[in-house]
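Each reported figure results from applying straightforward, stated rules to the coordinates on display, with no laboratory input. Every value quoted in this text rests on a predicted model; they were computed, and no experiment measured them. Note that each Cβ is placed from the backbone with ideal geometry, even for glycine, and that neighbours are counted across all protein chains shown.
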Amino acid sequence: MPPEEKISRSADQQIGQSANQQKGTSPPETPTAKQAQRSMLLTALYIAQAQYGYLNEEALQRVAGRLGFPLAEIYSTASFYSLYRMKPGGRYVIQVCDGLSCHLTGGADTLVDYIRQKLGIQVGETTPDGLFTLQTVECVASCGTSPAMRVNDELYENMTPQKVDRLLDHLAGR
């Protein structure tokens, strides 16, 4: 069996297990059932992204088919949350918080400018070696420890240019 078929079957199994565990026998008319459906969608998108690397058209269609949601709703949900990637990116996706708290501490613009200069890329770009992608996001839910940024699923708080240097060196294996 080709590796991509094995990944696809694995993703289907994980998404299906999540859906089957939460569906139960009650119809989705009650608020609790609707909340469970929404919860399944977020989990299924996360699993699909882990399997595919990002949420491409095939991944979105697979989630829609497994959970019975319209594709437009799947796309709308996936594109709303900064956790989900809609296009391929670097091995490490750096998301710098661009929210109000990070701006008030003077960190958002400073961090973005520093990382842009250090990596030689603009926001939305990936380094030529495919290692880093730089993004800004509205909030990473760390207002009390701003400026903050997220690399893949890991949150980094109270960031300074010196901390960014150490982090990038560590991720690059230097």
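Below are the figures for this structure:
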read-out: Kirkwood-based Rg to Rh ratio, the stretch 38-165, C-alpha trace; value: 1.02
read-out: Length added when fully stretched, Asp169-Glu125, from 0.36 nm per residue minus Cα-Cα; value: 13.9 nm
read-out: Leu155-Ser79 pseudo-label distance in nm [points 7 Å out on the Cα-to-Cβ vector]; value: 2.7
read-out: Sites Ala72 and Ala141 - FRET efficiency at Förster radius 25 Å, r taken between beta-carbons, to 0.05; value: 0.40
read-out: Contour excess over end-to-end distance, with Cα ends at Lys87 and Leu104 and 0.36 nm allotted per residue; value: 3.1 nm
